[in-house]
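**Student:** Can you read through this structure? Questions will come right after.
Nothing in this text is a laboratory measurement; each read-out follows from the coordinates by a stated rule. Because the structure is predicted, anything quoted here is derived from the model rather than measured. Glycine also receives a Cβ, built like all others from the backbone with ideal geometry; neighbour counts cover every protein chain displayed.
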Amino acid sequence: MFARLSPADRAAFKSGMRDYSPTLMAMFSWGLVTGVAMSKSVLTVPQALGMSLLVYAGSAQLAILPLLAAKLPIWTVLLTAAMVNTRFVIFSAGLAPHFSYLPFWRRAMLGYFNGDVIYLLFQKKAFAKGYVPGKEAYFWGMSVVSWVFWQVSSIAGILLASAIPDNWGLALAGTLALVPLIVTAVMNRSTLAAAAAAGVVALIAIDLPYRLALPLAVFAAIGAGSIADVVAERADLRRIRAARPVGRRTDLGKEP
């Protein structure tokens, strides 16, 4: 299949793999933690393997495990997973202008394989909207390597959970590995305002049920970033008006 791609697509696919490679250790750590958590929960091994392959959303998987253990109603589990994954609505809206020309089934596949880091790195490339040679291949280069590493680490965690001590701190290691990537994404005042607002709201709302802190942080980030954009545009407009030369006034009624 790879050999059937055009030279531009093959180069873009490899570029996507290279750009994603610095995050692989963090991805492996998160997958391992998620696999261990599923194995030590109320799920059987086949159920845990099925969740890893079908759900493919570490944050949502970790969020619903305590709910399953407490035997809460299924609507509570689904609502919590939906709240955790609200951010993917924003990701999908951001990708829509780039892949709207594709048939539905291919867009659905892109949605399944999409992830936080993949979306961030894709947006940093600043592709033009619509069809661009190699753009989809670049996305798939990141997505394939991410999915493979996630499944390998998650399945390893499921099968080797009894051999992995709880005090290894793998979840913290995965988070710390992603911090430099998040910092590099803060490229202007708007993204800085969005990141700051999301962080503050997430900390304040951390004890809310159903993981509501996550969607609230997303909405706060959108609002703060939008306000920062408006303020910056108005400031630029004022500077342009202030720098515009004032034309000389002529008094037509004045005698020479």
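**Student:** Report which label in (1) 73, 51, 36; (2) 54, 46, 37; (3) 100, 51, 33 holds the value of Cα extents along the principal axes in Å derived from the coordinates of this structure.
**Tutor:** (3)
**Student:** If packing is taken as the average number of other Cβ atoms within 10 Å across a peptide's residues, how do 45-54, 25-34 rank, most packed first? Show your work: numbers first, answer last.
**Tutor:** Numbers: 45-54: 16.0, 25-34: 23.3.
So the order, starting with the most tightly packed, is 25-34, 45-54.
**Student:** In whole Å, what is the distance between the alpha-carbon centres of the stretch 195-228 and the stretch 85-142?
**Tutor:** With the stretch 195-228 and the stretch 85-142 each reduced to a Cα centre, they are spaced 24 Å.
**Student:** How many lysine pairs does the chain hold where the Cα atoms are under 19 Å apart and the two sit 8 or more places apart or on different chains?
**Tutor:** So the count works out to 6.
**Student:** Now, a different point. For helix 213-243, what angle does its Cα long axis make with the longest principal axis of the chain, in degrees from 0 to 90 and rounded to 10?
**Tutor:** 20
**Student:** Would you kindly state how much longer the chain becomes between Val200 and Ala8 on full extension, computed as 0.36 nm times their sequence separation minus their alpha carbon distance, in nm to one decimal?
**Tutor:** So the extension gain works out to 64.8 nm.
**Student:** Work out, step by step, the length gained on full extension between Lys124 and Ala108: first 0.36 nm times the residue separation, then minus their alpha carbon distance; give nm to one decimal. Before the final figure, lay out the partial values.
**Tutor:** On the way: separation 16, 0.36 × 16 = 5.76 nm, distance 2.23 nm.
Extra length from Lys124 to Ala108 when fully extended: 3.5 nm.
**Student:** If you add up the charges near Ala96, with Lys and Arg at +1 and Asp and Glu at -1, over every other residue whose beta carbon is less than 14 angstrom from its beta carbon, what do you get?
**Tutor:** Charge balance in the 14 Å sphere: +3.
**Student:** Compute the helix-to-body angle for 170-185: its Cα long axis versus the longest principal axis of the chain, expressed 0 to 90° and rounded to tens.
**Tutor:** For helix 170-185, the angle is close to 20 degrees.
**Student:** Farthest toward the dipole's positive end in the chain, which of Ala163, Leu120, Phe99, given Cβ charges of +1 (Lys, Arg) and -1 (Asp, Glu) about the Cα centre?
**Tutor:** Farthest along the dipole direction, towards plus: Phe99.
**Student:** If you take every residue apart from Phe219 with its C-beta less than 15 Å away from the C-beta of Phe219, what net charge results, scoring Lys and Arg +1 and Asp and Glu -1?
**Tutor:** Neighbourhood net charge equals +2.
**Student:** Further question on the same structure: So, with +1 on the Cβ of K and R and -1 on the Cβ of D and E, and no other charges, what is the size of the charge dipole of the stretch 7-177 about its Cα centre, to the nearest 20 debye?
**Tutor:** 380
**Student:** Do the sum for the chain: with -39,500 (n - 2.57) for every DSSP H run of n ≥ 4, divided by all residues, what is the mean residue ellipticity at 222 nm, to the nearest 500 deg cm²/dmol?
**Tutor:** Rounded to the nearest 500, it is -23500 deg cm²/dmol.
**Student:** How tilted is helix 189-204 with respect to the longest principal axis of the chain? Cα atoms for both, answer in degrees (0 to 90, nearest 10).
**Tutor:** 40
**Student:** Just subtract the alpha-carbon distance of Ala93 and Leu192 from 0.36 nm times their residue separation and send over the number in nm, one decimal.
**Tutor:** On the way: separation 99, 0.36 × 99 = 35.64 nm, distance 2.08 nm.
That pair, Ala93 and Leu192, stretches by 33.6 nm at full extension.
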